[in-house]
């Protein structure tokens with residue numbers, strides 16, 4: 001199928017990928033374009049910015065947690081009705097597993113999806129040196145797919161000189177630039193950018209970025225480049241279902257400023273399997289919704305809202321009772337932290353949480369067990385049977401004295417390993433984040449457990 005598409009990448013993190021991408025996305029929306037957008041890798045926050053702009057949910061294309069046919073399928077599935085698909089890269093273009101390979105890099109996504117690539121180069125403090133930098137990225141791989149360049153944080157005076165210099169010496173098109181825009185800098189916190197929903201001025205910032213992009217970036221040229229993308233063959237993805245009944249089940253999903261890390265494709269898969277997802281707020285609601293058959297406690301920023309979570313005693317009791325009485329529950333990241341007895345707030349003071357686990361959860365000054373891992377189940381669990389494996393991602397500053405022992409997590413291309421996951425036939429709780437398309441069977445097993453629970457209650 002013909003899917004106009006383009007991928008924005010950079011030589012490194014902090015080059016301005018998200019800022020430039022968001023400016024272009026908003027400019028396209030202002031032009032009336034229908035857009036599907038994607039983020040390479042496991043990031044949750046950048047897709048929130050995309051979603052804020054395009055009005056529909058952005059997705060992830062993760063080359064570690066998804067097989068190539070699955071990645072292509074999700075791209076096609078979510079882009080069928082779009083005028084253009086925009087993919088934002090992660091880290092540097094060639095940065096992959098282990099720090100010494102291109103495996104699971106943005107480059108591998110571009111290669112798998114045959115998507116034309118535009119390199120965003122932060123030109124601050126550079127002039128002629130920008131040419132060999134770009135040249136290196138063009139020639140490091142013969143199939144780099146880099147067709148163009150956008151210069152970031154350069155002055156209007158320097159742009160024509162650099163554009164001429166680059167295009168005279170290298171086989172790429174320079175599609176424009178963005179100057180430094182102090183009033184459009186996206187703010188950070190330890191887990192990345194502050195989510196768009198927490199920034200009151202974000203819409204005005206996005207419009208300023210879009211106006212600047214229309215003035216100094218060749219949007220028409222980028223659209224033309226996207227239309228040169230080769231046809232892509234969808235690989236319909238089917239898994240052997242363990243579910244014989246498609247009767248709907250009600251699954252409560254924690255959604256507020258403390259719990260906001262969810263992969264949209266995960267939620268959509270659950271819906272396709274018969275889930276009725278019912279959002280609730282552990283901060284603001286007094287108890288779980290009625291008639292639930294299952295529970296999702298996602299990642300997010302529970303540590304920043306420990307006081308509010310602790311003060312909501314009736315919600316904590318409601319969740320405790322549900323989990324203790326066997327309601328199937330997946331708790332990831334902050335969701336796992338929330339199930340502890342106590343949690344440190346941003347001042348280091350312990351605050352009472354749900355109490356499923358007797359331990360205390362603390363916050364460290366550096367990332368804990370950061371990156372991709374391969375899980376192997378040590379026992380039969382809600383989602384995995386003994387010996388089965390699953391690729392996952394961890395990204396957290398919090399730590400517990402007991403991460404669980406149901407699985408062993410081994411870092412690819414490394415000897416680093418750690419035990420993790422508290423599990424039973426109804427509970428899966430730990431720091432690892434799961435993408436259901438790594439193995440849709442885990443979604444199906446969760447759904448089956450929810451149906452079994454529903455049957456017991458009737």
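Nothing in this text is a laboratory measurement; each read-out follows from the coordinates by a stated rule. What you see is a predicted model; the values in this text were computed from it and never measured. FYI the Cβ positions are ideal-geometry reconstructions off the backbone, even for glycines, and counts take in every protein chain you see.
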Most to least packed among 129-138, 203-212 [average Cβ atoms within 10 Å]: 203-212, 129-138
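Given contacts defined as C-alpha pairs under 8 Å and at least six residues apart, what's the relative contact order of the chain, whole-number percent?
Details: 1005 pairs, mean separation 64.4, N = 458.
For the chain, the relative contact order is 14 percent.
Taking 1 over the mean of 1/r across every pair of different Cα atoms in the stretch 73-127, what Kirkwood radius in Å do you get?
Numbers: mean 1/r = 0.0765 Å⁻¹.
Roughly 13.1 Å, rounded to one decimal.
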In Å, descending, principal axis extents of the Cα set of the stretch 265-344: 37, 24, 21
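Based on the Cα gyration tensor of the stretch 226-361, what are the three equivalent ellipsoid semi-axes, each the root of five times an eigenvalue, rounded to whole Å and given largest first?
32, 20, 12
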The stretch 266-293-the stretch 431-449 distance, computed between alpha-carbon centres (Å): 16
Cα-based shape type of the stretch 323-458, given that a ≥ b ≥ c are square roots of the gyration tensor eigenvalues and the cut on a/c is 1.5: oblate
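Given the -39500 (n - 2.57) contribution per DSSP H run of 4+ residues, what per-residue ellipticity at 222 nm results for the chain, rounded to the nearest 500 deg cm²/dmol? Please report the intermediate quantities before stating the final value.
Working: 13 runs with 137 residues, N = 458.
After summing the helix terms and dividing by the residues of the chain, the value is -9000 deg cm²/dmol.
Per the Kirkwood formula on distinct C-alpha pairs, the Rh of the stretch 5-226 is how many angstrom?
Numbers: mean 1/r = 0.0575 Å⁻¹.
Result for the stretch 5-226, one decimal place: 17.4 Å.
Calculate how many DSSP beta bridges within the stretch 249-457 are antiparallel, expressed in % of all such bridges and rounded to the nearest 5. Write out the running numbers ahead of the final one.
Numbers: 26 of 46 bridges.
The antiparallel proportion sits near 55 percent.
From the P(r) of the chain, could you give the percentage of C-alpha pairs in the tail past 37 Å?
Values: 29018 of 104653 pairs.
So the portion of pairs separated by more than 37 Å is 28 percent.
Among 413-425, 157-169, how do they line up by average Cβ neighbours within 10 Å per residue, starting with the highest? Please list the in-between numbers first.
On the way: 413-425: 16.2, 157-169: 14.1.
Ranking, from highest mean packing down: 413-425, 157-169.
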